Every structure is written in structure tokens, then in C-alpha cells.
Amino acid sequence: MPFNGEKQYVGEDQPSDSDSSRFSESMASLSDYECSRQSFTSDASSKSNSPASTSPPRAVTLDEVMAAARNLSDMTLAHEIAVNENFHLKQDALPENSLAGRVKHIVHQAFWDVLESELSAEPPEYEHAIKLFEEIREILLSFLTPGGNRLRTQICEVLDTDLIRQQAQHNAVDIQGLANYVISTMGKLCAPARDEDIQELKATNNIVEVLRQIFHVLDLMRMDMANFIIRSLRPHLQRQLVDYERTKFQEILEETPSALDQTTEWIKESVEEELLSLPEATLTPGAEGTSKPSLSPTLVLNNSFLKLLQWDYQKKELPETLMTDGVRLQELTEKLNQLKMVACLSLITNNMVGAVTEGLPELAINLKRISTVLLEDMNKATFNLKEVLNSIGVQTCAEVNKTLEERGLSTLNAEVEANLIGQFSSIEEEDNPIWSLIDKRIQLYLKSLLSLPRPAKSLPPVPGGLAVIQQELEVLGSQYANIVNLNKQVYGPFYANILRKLLFSDEALGKAEASPPTN
């Protein structure tokens, strides 16, 4: 259709709680990653995946870069369809006041004005209208299944443009009749959600407006069809996702050898942190009096994933293997920061005035609601955290005093109120002990989640002090664990290869091979 090229874009809504749970079949046990030195120093994994290859870097051509980009695009789209239950396509509506929006409106209006003048002429000029019916015919045919031969034949016969041109030459063409047939056929093919649009089409009398709205509804029907296909494909993609993504990423790695650089650095940071935290007693003596640390590959990898919930997504680049889940991980990180703050405020309140508010569950609910609402935008750059924390402190004191008055109890004195507000405001300070405590307990809970065998029969207990956010933390933790476990399934071989190089160096391997076998 002329001037009908609205762009389509991928719409992503908030991910549901079951985004990846149905196909996040994790490794059978932790032994999949709890590899022995022998398995990590073997040649089982591909040499091309090695982040520590000694071969000189080769030049990458533009064609190879473009091929890698196409593979990444395909992989990202497939991952989004499979993981995000709310993924769908929708039309890209240009802002009305934008230059592009105004130009589009003017051009479209000019086309329809020309068509109206042609149909109103004496004698009428039908050529543009016939071309529109030809395009309508092709769109209607695209909706049909391979078995819809009867309707296909009928559409081709009624919208036979050669016949319509012959009728137009004798001024015998019935444009309104053709439009009515198109509307009737659309009613048979459209989704129930479009029934109201079809009724509006039937009630429109101006033929030019009818044609204009027919194309608008056909656009909506095409989008409905695309989303129906996406929903139909989702179960198949979910079953094949692990193999598909792994294969696509291998193709990217072959085209772009540096495609694991960020991932290697990400894991290397965790290795270095674990080495620094090891006591001397855990070091394994080497053959020449040196000490070789013994690190668990599973522990290193899980700690790497935990770092993603403290990631600076605005300044720091994500590992390549997590690009497809970047948006979801950022949303979980922002939500977790808000939950941490709510837990901190609740813990301070309980420590300060818990004795006088004990046994008042309604008060705890109200205080949590106040904190949650005021902290809703805390991850925005313009958010003034200190000011909001002070406001939460004032409202908390007011809510506590109101509850105490209703029960005939003494209200908080000015010193307690000032102390409470001051402690609230101090949470934003670096190394705040309350924030550090809550953060450590949440990290402990999430680490225990990642250590569970999959599928987990039950969630681990929530540490003390987190009861106020228990429900939200369990939901968030489940979503996070599903993302991590699916990612391990897809990229496990690549991680194993990186860990082998980082934890068991070639030098250590050479020493092991040079040692005489024991009897």
C-alpha cells in the first residue's frame, strides 16, 4: 500500500515471574562445574574458544563483523521470544508533533486527497483505486493457511484486477461493492479483538475513508498474525533454545575471536577476589615448594553471577554471554536496590521503636508502603536519595505517632524522632553498617539459591532481618536464578574453557605431565 511503511519494533514489557523457569533445566548436579583438575586440564573443549590462545590475533574483515552482528541479532531475537512471555511486536507510532510525524501525515493526506479527486471526477479515474485493491488482495492471501484453497480462489476471482480494469473502461466497476467484499473477508480472517474495527468499517459511507481504514485495520491484522506466530513458535524455541544459542554464539566466536574478552575479564575478577580471600591454610603445596590455591570453579562462576546484581549498567560493559539478558538483569538490580533500602528502613524502625509498635502488623504494612512508594524512582539519575530518606523518616514518625494515639499510648518524643530521621538519612553514606549488613544477608540468600540443585524443590530460608521483603525477595531470587541457570546451560562449555585456563595454567599442566607416574 502506498505510504503504508510504518516501522515495526520489538516491544518488551515487564518480564513475568516465569520468564525462563519452564526451560531452565539446570545441570543435573553441581558436579557439572565442580570439575577436577584432570577434567579442566584436558583437551575436551574447543581450542578456538580459548581466551588465552598464544596465536597472534588475526585481522577481522567487515564481512565477518557483519556476519557476527547478524548472528547476534538472530540469537537475541530468539532468546527474547523464548524467555520473555510478554514479548510482542507493535507498530511504531511517530509523535504527532515531531517533524517525521507531520511529514508522514501530510504525504498520506495528499495521497488520499488525490484518490478522492480521481474517484469524484467525470468520468472517474480508477487506476489508483485498482492498485489499492491489488495490494489488498495480496495482503488477504498472506493471511490464508496452505489449506484455504476455496477462499483463496474466491479472493482471486473477486479481486481480479484485469477484470476490474475492463469494467472500469466501461464505467461499470462497483468500488463500494468490492470494498464491502473486502470488509466481509477481513471479518472472517481477523482476530476477535478486531471485530469492533470491522463494524466501524461497515458503518463508514465515504469510499475513500473506507479504503484508508481498510489498510489501517489490515496493518493491525498483520501485527496480530505476527504475534500469533511468535506465540506459536515460543514452545518450540524454548525446547531448542540452549542448542540454538550455543551454536549461534560459536558462529559469532569463529567470526570474531575477541567475542569472549569481556566474559574472560568478568570471570578473572572473581578468581582474583577469591584468591585474595583464601586463608593460607587452603593453599595446596606445589612440587617445588610453591603454593597453588585450590578454587572451586562453581564457586568462582556463582560469585561472578552475583556481581551482576551490583553492576553499574550505565558505565560498565556486560560480559558478551549475558548481552541477551542485560535489560532483565538491570531491572532486577534496580528492584533489588529498592528492596535493600526498604529492609534497611524497616530494621532501623524495629530497633528504634519496635518495643512500642510490637503487635501492630497494620503499622508495619503502612510503613513499608510509604517507603516503597517514595523509593519507586530511586534508580533515576535525578533522584535525591537523602531528601527522600529524610521525608520517609518524617512520615514514619507521623504514622507511628498516629497509631500510638489511636491506642491511647504515648507518642515518640522529639529526641527519638530526630534520631530515627537521622539514621534514615545516613543510609546513603558509604559503608553504612545497616546497609552493609542487609546487603551481606541478601548476597548470602542469593548465593544459596544458586547452589541449589535444579529443579529446586523448595527455596532456602530467608536470613533474619529480611522478613519485610521476603515475598518480593523470593520472587526476584527465582527470576534471577532462572536467568543464571539458563545462561549456564547455554554457555557452560565456554565458561569451562575460560575457567580451565584461569585456574589451571599451562605451566601447571606441563609440570603435571612431566612428573613420573606413581605406582
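The values are calculated or read from the model by the stated rules, or taken from the named source; none is laboratory data. Just so we're clear, the structure is a prediction, and the values are computed from it rather than from any experiment. Cβ atoms come from the backbone with ideal geometry, glycine included; neighbour counts cover every protein chain shown. The area values use the complete protein model at the heavy-atom level, side chains included, leaving out ligands, DNA and RNA. Shrake-Rupley method; radii C 1.70, N 1.55, O 1.52, S 1.80 Å.
What to note about this one:
- The candidates 344, 156, 190, arranged from most to least accessible area with a 1.4 Å probe in the full protein assembly, appear as 156, 190, 344.
- Counting only protein heavy atoms and a probe of 1.4 Å, the accessible surface of the range 417-503 is 54% carbon and sulfur.
- Cβ-Cβ FRET estimate between residue 398 and residue 376, R0 fixed at 35 Å, reported to 0.05: 0.95
- Only protein heavy atoms count here; on that basis, with a 1.4 Å probe, residue 439 has an accessible area of about 30 Å².
- For 313, 491, the ranking by accessible surface with the largest value first comes to 313, 491, using a 1.4 Å probe.
- Near-label residues of the range 347-364 by backbone N, under 15 Å of a point 7 Å along Cα→Cβ of residue 436: none
- Residue 239 paired with residue 144, simple spin-label distance in nm, labels 7 Å along Cα-to-beta-carbon: 3.0
- Additional length obtainable on full extension of the chain from residue 103 to residue 174, 0.36 nm per residue less Cα span: 22.3 nm
- Residues whose amide H comes within less than 5 Å of that of residue 90, counting only those at least five positions distant or on another chain, are 9, 11 (H built at 1.01 Å from N in the peptide plane).
- Computed lengthening from residue 428 to residue 356, 0.36 nm per intervening residue step minus Cα-Cα distance: 23.3 nm
- Phi-based couplings in Hz for the range 342-354 (Karplus 6.51, -1.76, 1.60; Gly and Pro marked x): 4, 5, 4, 4, 5, 5, 4, 4, 5, 5, 7, 10, x
- Shape call, the range 149-210: gyration tensor on alpha carbons, a/c limit 1.5: oblate
- Karplus-derived 3J(HN,Hα) values for the range 461-466, using 6.51 cos²θ - 1.76 cosθ + 1.60 with θ = phi - 60°, are x, 7, x, x, x, 10 Hz; glycine and proline are entered as x.
- Cα gyration tensor, the range 72-141 - rounded (a/c under 1.5), prolate or oblate: oblate
- Ordered by solvent-accessible area of protein heavy atoms (1.4 Å probe), largest first, the residues 340, 440, 501 come out as 440, 501, 340.
- Cα-Cα over 26 Å, subset of 268/380; 131/188; 316/447; 131/202; 307/340: 268/380
- Computed accessible area, residue 447, all protein chains, 1.4 angstrom probe, square angstrom: 80
- Available extension along the chain between residue 118 and residue 230 is 36.2 nm, counting 0.36 nm per residue and deducting the alpha carbon span.
- Per-pair calculated FRET efficiency, R0 = 25 Å: residue 337 and residue 276 via Cβ, rounded to 0.05: 0.45
- Using the Karplus relation 6.51 cos²θ - 1.76 cosθ + 1.60 with θ = phi - 60°, the per-residue 3J(HN,Hα) values for the range 265-273 come to 5, 4, 6, 4, 4, 5, 4, 5, 5 Hz, with x marking Gly and Pro.
- Modelled FRET efficiency - R0 35 Å, residue 254 with residue 193, Cβ distances, 0.05 increments: 0.20
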